Amino acid sequence: MKSVKLKRTIGLISATSIGLGAMLGAGIFVFPGLAGGYAGFAAIISFLIGGIISLFTAACTAELSTAMPQSGGGYFFISRSFGNFWGTLTGISQWIGLIFACAFYLVSFGEYASTFLMELNINWSRSAKILSFLFTLMLLVINIIGTKKVGRLQNLMVITLTIILVLIFTYGLIDYLGLEDKSNAFTEIAPEGLQSIFTTTALIFTAYLGFVQISNIGAEIKEPSKNLPRSLLWSVLIAMGLYIFIMLVCIVTFPQEELKKFGETATIEVARKMLGTWGAIVVLFAGLLATLSSANASMISASRGVFALSKDKLISHSASKINKRFGTPHIALILVTVPIAVMLIKSRLEVFAEVASFLHLIIYAGICLSVLKLRITNPTWYIPTFRIPAFKIVAGLGALSCLVLVCFMQETSILISLGVLLLATAYYFLYVRKKKIELHTPKPPHIHPHLFNPSILIPVDITQDKKDLPHAILEAIPISKLLLLGFKETPEQSESEQSEEEFGKEGEKKLEIIQNQLKQMKITFESKLIFSNKIASQIKEIIKEEELQFILTLKPLSELNQIVIPIYDLSQVNTKLNTIIYNLHSYKPTKIKVILFAEDDDDSPNEAQLKQAIDNQLNLVNINVHGYEVYEKEKASSKKFIQKISKKSDLIIWSEAESSQREFLLSLILEEESINISSPFIIILNEKED
């Protein structure tokens, strides 16, 4: 049964738009008034600092996402880097932090909706909390039904309206300052002192929480090794630019005291002063869509975090149940929505924003530290296709700045956040640790799952005297199964039973030499001894029965410095080849030389096509080819040619392109001329062979 894979249909622009759609809400419509009221002109610096911290984290997220393209975000990254304890703290913090963020957006939405109705002269005498509550239920229903197209349309509308807003504010700013000869409203950079810059950064950091959403759709992004990092970084840069621009417009329009009085509706008053009532209505409508979009993105992300916790059995398994009708995690969504609805009763915007920021800053610090740990320890499964340059500086500064920023929050927010972390710690020791849960190791992308821990056949001709293992290869490959196959080709007229009686003891003695070497290397193995006048056919049958992935020939090798790979067909360039080379290269960096057999035939790949395919494939596991040689295709079947290139290499890797080729490859092992091949070689077997 084939595994279901998501189609890669999302390009760079679409992926960047998804990140922006999740971010552009509070940063443009809610925070300018709050931030300007606290820090005045210095609020611009606060948004800049928040953006720089987010860029550090976005770079680390990009690297981790290309190595672990699974859902769960920060929880998955940190749990696989540091284990269950830190994973539990991260998962619960991510869950609760997004609940606080969602509550913040929905409270802001309620205020905007109430003001919007007033601007339209519609009498709404009830509390704005009722509107927030009603739309919370609406988001729950939408997400259970699973209307992805509505979400994509919403993102498109937010981006479009943001562009319109920029144009409106640009026009209004030029008109306000240029034509009417009015002066700037601000008088000094940081009227409340330097500390206000950092306390304001801590408050507004919620505006940057959306970019991580891009990592959750990594399986659907075209060319993820390029577009995933670019979209993460570009979404933060664009958001930062927009936030700073809108903040600048606000502080040159109103003095600090008035921004503080307007609070979360300051952007509306700026538009009203510049462009009149119609400007205020446009901004209000855009704010409604933007805050609702951010709330929806937070709800989806929080439910995915709950889903990931449940899949890892850190919380009840029922939380990962999928609705049979709609195919959505309805219980996870309910576990997110209920606490949001309760929190709406106490609408404390600043506390909601700061708790969300505090918990996410802790997670972001963990993401940066995960990169540091994984790059230093370099586990075999960690194969990012994007690697941060100067990773120690970027990840180190990212982690440090996140941890320092939490110290500038107000006391209530810090106490609530620490309370969440303490409850998560207690939950781990009272429940999770007792279950002794083992987290599954991430599957590295661009690696063939069966060949990462392969089953190997080592054929041994018992008539040849020299019996030494290629130690360097066996030490480099994490073997799951090894079959040592002793064989002797018998004359056509003789019976196999007769040959076994005559040569059996001698063969067992020669196999024992190799068996002892394998025992010394602590490699588990099985061994067989066969006699036949049709050895090639019997080996092919054994390969099929034992489900073996490749053949390793018996030639001594203590140092692996250069690998030669003969390639004549595009089908030879695949994840199997990636996997073998990656295993060898991880053990010891090795020079890779490729022999190309190209033809001018229209039906055959040319030299340029083969080179491009090989470079693209090996770049996925961060390996470069050190040199190419081009030969005529006829030489690919020449035993003398194989003997020639074996003298120039420590190892030949031959990837099977088609079933008919196996006869030729087995003949290189079975015939007497094989003794003239000086280096070992690996044959990557084609699974379609019958």
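Val336 meets each of the listed conditions (1) β-branched (Val, Ile, Thr); (2) assigned to a helix (DSSP H, G or I); (3) surrounded by fewer than 22 Cβ atoms within 10 Å (Cβ to Cβ) apart from (3). Beta carbons closer than 7 Å, at least 6 apart along the sequence or on distinct chains, pair a first residue in the stretch 14-32 that is more than 27 Å from Thr253 (Cα to Cα) and at pLDDT below 80 with a second that is outside any helix (DSSP H, G or I) and not basic (Lys, Arg) for Ala15/Ile221. Scanning the stretch 344-387 for residues that are in a loop (DSSP other than H, G, I, E, B) and either at pLDDT 90 or above or under 30 Å from Tyr587 (Cβ atoms) (or both) returns Asn378, Pro379, Thr380, Trp381, Tyr382, Ile383, Pro384, Thr385, Phe386, Arg387. Is it the case that Ile414 is over 21 Å from the mean Cα position of the chain (by Cα), under 30 Å from Pro69 (Cβ atoms) and modelled with pLDDT of 85 or more? Against the criterion (over 21 Å from the mean Cα position of the chain (by Cα), under 30 Å from Pro69 (Cβ atoms) and modelled with pLDDT of 85 or more), Ile414 does not qualify. So, Asn121, is that one assigned by TED's automatic domain parsing to the domain that holds Leu288, surrounded by fewer than 24 Cβ atoms within 10 Å (Cβ to Cβ) and not small (Gly, Ala, Ser) or not? Against the criterion (assigned by TED's automatic domain parsing to the domain that holds Leu288, surrounded by fewer than 24 Cβ atoms within 10 Å (Cβ to Cβ) and not small (Gly, Ala, Ser)), Asn121 does not qualify. Restricting to the stretch 45-68, and then to whatever is surrounded by 24 or more Cβ atoms within 10 Å (Cβ to Cβ) and within 13 Å of Ile251 (Cβ to Cβ), can you tell me which residue is nearest to the chain's Cα centre (by Cα)? By that ranking, first place goes to Phe47.
When Gly419 is tested against (1) modelled with pLDDT under 90; (2) in a helix (DSSP H, G or I), exactly one condition is not met: (1). With respect to (1) under 26 Å from Ala113 (Cα atoms); (2) of a type in the set (Ser, Thr, Tyr); (3) part of a loop (DSSP other than H, G, I, E, B), the lone exception for Thr328 is condition (1).
Here the condition is being within 16 Å of Phe116 (Cβ to Cβ), within 27 Å of the chain's Cα centre (by Cα) and among the hydrophobic types (A, V, I, L, M, F, W, C); of Ala290, Ala239, it holds for Ala290 alone.
When the residues of the stretch 555-599 are filtered to those that are assigned to a helix (DSSP H, G or I) and of a type in the set (Val, Ile, Thr), the one that is farthest from Gln643 (Cα to Cα) is Thr575. For the residues Glu656, Glu629, Glu673, the requirement of being in the same structural domain as Leu548 (by TED's automatic domain parsing) and modelled with pLDDT under 75 singles out Glu673.
Here the condition is being assigned by TED's automatic domain parsing to the domain that holds Leu361 and either farther than 16 Å from Cys368 by Cα or without any contact (Cβ under 8 Å) to a residue 60 or more places away in the chain (or both); of Thr136, Thr88, Thr115, it holds for Thr88 alone. Tell me, please, whether a residue that is buried (at least 19 other Cβ atoms within 10 Å of the Cβ), more than 30 Å from Leu418 (Cβ to Cβ) and free of Cβ contacts under 8 Å to residues at least 60 places away in the same chain can be found in the stretch 98-112. Scanning the stretch 98-112 turns up no residue that is buried (at least 19 other Cβ atoms within 10 Å of the Cβ), more than 30 Å from Leu418 (Cβ to Cβ) and free of Cβ contacts under 8 Å to residues at least 60 places away in the same chain. Answer with yes or no whether Ile99 is touching a Pro at 6+ places or on another chain (Cβ under 7 Å), modelled with pLDDT of 85 or more and of a type in the set (A, V, I, L, M, F, W, C). Yes: the conditions hold for Ile99. Scan the stretch 425-442 for residues that are surrounded by 13 or more Cβ atoms within 10 Å (Cβ to Cβ), under 30 Å from Leu618 (Cα atoms) and either small (Gly, Ala, Ser) or out of contact with any Phe, Trp or Tyr (no Cβ under 7 Å at 6 or more places or on another chain) (or both) and the total you get is 1.
One residue stands out among those in the stretch 521-535 that are in a strand (DSSP E or B) and out of contact with any Leu (no Cβ under 8 Å at 6 or more places or on another chain): the one that is nearest to Glu475 (Cα to Cα), which is Phe531.
Checking each residue of the stretch 399-407 against the condition of being of a type outside the set (Val, Ile, Thr), more than 27 Å from the chain's Cα centre (by Cα) and either assigned to a helix (DSSP H, G or I) or surrounded by 13 or more Cβ atoms within 10 Å (Cβ to Cβ) (or both) gives at least one match.
Suppose the filter is of a type in the set (Gly, Ala, Ser) and either crowded, with 16+ Cβ neighbours inside 10 Å or touching a residue at least 40 places away in the same chain (Cβ under 8 Å) (or both); does Ser318 pass it? Against the criterion (of a type in the set (Gly, Ala, Ser) and either crowded, with 16+ Cβ neighbours inside 10 Å or touching a residue at least 40 places away in the same chain (Cβ under 8 Å) (or both)), Ser318 does not qualify.
With respect to (1) of a type in the set (Ser, Thr, Tyr); (2) within 27 Å of Thr267 (Cα to Cα); (3) surrounded by fewer than 23 Cβ atoms within 10 Å (Cβ to Cβ), the lone exception for Thr16 is condition (3). In the stretch 312-329, is there at least one residue being among the aromatic types (Phe, Trp, Tyr), more than 20 Å from Thr90 (Cα to Cα) and touching a helix residue (DSSP H, G or I) at 6+ places or on another chain (Cβ under 9 Å)? Checked the stretch 312-329: at least one residue is among the aromatic types (Phe, Trp, Tyr), more than 20 Å from Thr90 (Cα to Cα) and touching a helix residue (DSSP H, G or I) at 6+ places or on another chain (Cβ under 9 Å).
Just one residue in the set Phe262, Phe326 is outside the structural domain of Phe29 (by TED's automatic domain parsing) and surrounded by fewer than 22 Cβ atoms within 10 Å (Cβ to Cβ); that residue is Phe326. Residues considered: Phe391, Phe352. Of these, the only one that is hydrophobic (A, V, I, L, M, F, W, C), out of contact with any Cys (no Cβ under 7 Å at 6 or more places or on another chain) and not assigned by TED's automatic domain parsing to the domain that holds Ile52 is Phe352. Every listed requirement among (1) at pLDDT 60 or above; (2) β-branched (Val, Ile, Thr); (3) under 30 Å from Asn296 (Cα atoms) is met by Thr147 save one, (1). Scanning the stretch 73-100 for residues that are under 24 Å from Ala353 (Cβ atoms) and not in a helix (DSSP H, G or I) yields a total of 1.
The values are calculated or read from the model by the stated rules, or taken from the named source; none is laboratory data. On a predicted model such as this, the values are computed, not experimentally measured, just so you know. Glycine also receives a Cβ, built like all others from the backbone with ideal geometry; neighbour counts cover every protein chain displayed.
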